[in-house]
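This report refers to the structure that appears directly beneath it.
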Amino acid sequence: MHMMKQFQLKTTTVFLIVIFLFSACEKESASVTPTVPTETTGSIKIIQDEFQGKSIVLAGSPAFNFIVAYDRELDGELLSFEPTSTFRSLPIVMRDTEGNEWDIFGKAVSGPRKGQQLNSLFSTMGYWFAFSAFYEEVSIYNTTEVPPHQLPVSENSDWLIPFNQILDGGPGIDGIPALVSPDFVAYDIPRNIENDTYLQDDNLVVGVCQSAQLKLYPHPILDWHEIVNDEIEDTPYALIYCPLTGTTTVWDRDINGDIQEFGVSGFLFNSNIIPFDRATQSYWSQLYNLSVNGTNQGNTIRNYPHIETTWATWKRIAPTFQYLSEATGYSRAYDKYPYGSYRTNDNLLFPVIYQDTRLALKERVHAVVVDGKVKVYRFEHFK
């Protein structure tokens, strides 16, 4: 890979920490979700908002650990939503004034619009520090303060991000092996007994819905592989997950008619994963959603919607689905978290260009990105 050779990046002792954590795996951090939801522990709340001239609707619940965001406009009509009552109604999360009921995937399941789909937004869950480091204008729902700051521009014409801010994460190219067409296990309730998988109820999982089929990608495997090249029927996509920023994107692998396979480069920008495509060896930024170096430089990439929640909640959302098998072909301790106490402390393993102290660095928020600007929504907004 000739483009890989141009890197002569400074490696510090902090990079060795990552290598050690991947090899030793002696300590698993505390749970990222302290409670398992029941039908009586919470409700679903709806937020209707305006951002960058776009009318959006979000449904969420801190007790059930999910936030989803959709465009309110459909077929030229601006829909008005209200929540369903409780967890008992899942997967239905909201209804509109036309009499339609909508599920968590943004699909109308009853009413005159039955079968129609709300347009998804470029949005994701993630740690607060990631969004404030990547974007110059980040607003928080129900606040007016947007501290001004300017991010550096690239002084290297070969890169769309500052080359001197690209860091070596330690494991090296393909040191974290991406998965390609992995095995899945069918799950349906009530045939499967509870807790008959490697998953615990408080494990975070990422769900993808395409062509009415559901696939589930648990964090305990994503923490070790970060990228899954997969497809549903004729829809090829790559799930890109960065455990350091807690962000997930689902990328269309069809780029200009070529089906790409993505790998983990081992390099980071603002502590965020830099994937590369194997066909052209171009580098991509997950949170900028574009290629930042190589033949594909400047190309953006289509995102497919996804849902991040807990295993406990997911089983109520989708009684029939396929989940990623532990039989990946790699020997990894999937029952261990490879980054020690990273999820529960306030420390970063790698420096970022800018830190915004309005929120705790690792508070999990849902970020909506429109025209290069970001608005984040906290779980407390859905209480």
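Computed from the coordinates by the stated procedures, all read-outs in this text should not be read as laboratory data. The structure presented is a predicted model; accordingly, all values stated were derived computationally and were not measured. Cβ placement follows ideal geometry from the backbone for every residue including glycine, while neighbour counts extend to all protein chains displayed.
Determine the sum of side-chain charges near ASP71: Lys and Arg each +1, Asp and Glu each -1, restricted to other residues whose C-beta is under 12 angstrom from that of ASP71. Write down the numbers at each step before the final one.
Details: positive: LYS54, ARG72; negative: ASP49, GLU50, GLU73, ASP75, GLU77.
Result for the local shell: -3.
Just rank LYS383, LYS373, fewest to most, by other beta-carbon atoms within 10 angstrom. Walk me through the numbers before you get to the answer.
Numbers: LYS383 12, LYS373 15.
The order, fewest Cβ neighbours first, is LYS383, LYS373.
On a full-extension model of 0.36 nm per residue, what is the gain between ILE173 and ALA333, subtracting their alpha-carbon distance, rounded to one decimal in nm?
Full extension of this stretch gives 55.5 nm more.
Can you compute the radius of gyration and Dmax for the stretch 85-124, using only the Cα atoms, both in Å?
Considering the stretch 85-124 through its Cα atoms, Rg and Dmax are 10.4, 30 Å.
Can you put ILE221, ILE46, ILE259 in order, fewest other beta carbons within 10 Å first? Could you put the intermediate results ahead of the total?
Numbers: ILE221 25, ILE46 17, ILE259 12.
The order, fewest Cβ neighbours first, is ILE259, ILE46, ILE221.
Going by Cα centres, the stretch 284-301 and the stretch 52-79 are how many Å apart?
27
What is the set of long-range amide H partners of LEU214 at a cut-off below 5 Å, with H atoms built 1.01 Å from backbone N?
Long-range HN contacts for LEU214: GLN322.
Rounded to the nearest 20 Debye, what is the dipole magnitude of the stretch 85-130 about its Cα centre when Lys and Arg each give +1 and Asp and Glu each give -1 at the C-beta? Mind showing how you got there, number by number?
Values: 5 positive and 4 negative charges, 18 e Å.
My answer is approximately 80 debye.
Arranged by the count of other C-beta atoms within 10 angstrom, fewest first, what order do VAL376, VAL109 take?
Details: VAL376 22, VAL109 14.
Taking fewest neighbouring Cβ atoms as first place, the list is VAL109, VAL376.
Just to check I understand the Karplus step: with θ = phi - 60° and J = 6.51 cos²θ - 1.76 cosθ + 1.60, what whole-Hz values come out for the stretch 59-68, glycine and proline as x?
Along the stretch 59-68, the couplings run 10, x, 7, x, 5, 9, 6, 8, 9, 10 Hz.
With a cut-off of at most 10 other beta carbons within 10 Å, and DSSP calling the residue loop, which GluC sites (Glu not before Pro) in the stretch 173-267 qualify? Please list them. Write out the running numbers ahead of the final one.
Details: sites: GLU194, GLU226, GLU231, GLU233, GLU261; in loops: GLU194, GLU226, GLU233, GLU261.
Answer in residue order: GLU194, GLU233.
Can you give me the long-range amide H partners of GLU363? Hydrogens built in the peptide plane at 1.01 Å from N, cutoff under 5 Å, separation of 5 or more residues or another chain.
Sorted by chain and number, the residues that satisfy this are TRP128, PHE129.
Dipole of the stretch 48-156 (Lys/Arg Cβ +1, Asp/Glu Cβ -1, origin at the Cα centre): which of PHE64, SER89, SER132 lies farthest to the positive side?
SER89
Quick check for me: using +1 on Lys/Arg Cβ and -1 on Asp/Glu Cβ, what's the dipole size of the chain about its Cα centre, in debye to the nearest 20? It would help to have the intermediate numbers written out before the result.
Details: 28 positive and 46 negative charges, 111 e Å.
Dipole size: approximately 540 debye.
With only alpha-carbon atoms in the gyration tensor, what are the semi-axes of the equivalent ellipsoid for the stretch 290-357, in Å, largest first?
Numbers: eigenvalues 161, 107, 61 Å².
They are 28, 23, 17 Å, listed from largest to smallest.
When the Karplus curve 6.51 cos²θ - 1.76 cosθ + 1.60 is applied with θ = phi - 60°, which whole-Hz ³J(HN,Hα) does each residue of the stretch 162-169 get, with x for Gly and Pro?
x, 4, 6, 9, 7, 10, 7, x
Looking at the stretch 105-158, which GluC sites (Glu not before Pro) are DSSP coil and have at most 11 other C-beta atoms within 10 Å of their C-beta? Before the final figure, lay out each step's value.
Details: sites: GLU136, GLU137, GLU145, GLU155; in loops: GLU136, GLU137, GLU145, GLU155.
Loop-located and lightly packed - GLU145, GLU155.
Under the rule of -39500 (n - 2.57) per DSSP H run of 4 or more residues, summed and divided by the residues of the chain, what mean residue ellipticity at 222 nm is obtained, to the nearest 500 deg cm²/dmol?
-2500 deg cm²/dmol
Could you grab the relative contact order for the stretch 103-251? Cα pairs under 8 Å, six or more apart, rounded to a whole percent. Please list the in-between numbers first.
On the way: 155 pairs, mean separation 28.3, N = 149.
Relative contact order, the stretch 103-251: 19 percent.
Find the relative contact order for the chain and round it to a whole percent, using C-alpha pairs within less than 8 Å whose residues are 6+ positions apart.
Details: 826 pairs, mean separation 94.2, N = 383.
With pairs under 8 Å counted, the relative contact order is 25 percent.
Hey, in the GNM for the chain with a 10 angstrom Cα cutoff, which one of SER325, SER211, SER120 fluctuates hardest?
It is SER211.
Given H placed 1.01 Å from N in the peptide plane, which residues other than close sequence neighbours of ILE255 have an amide H under 5 Å from its amide H?
Result for ILE255 returns GLN260.
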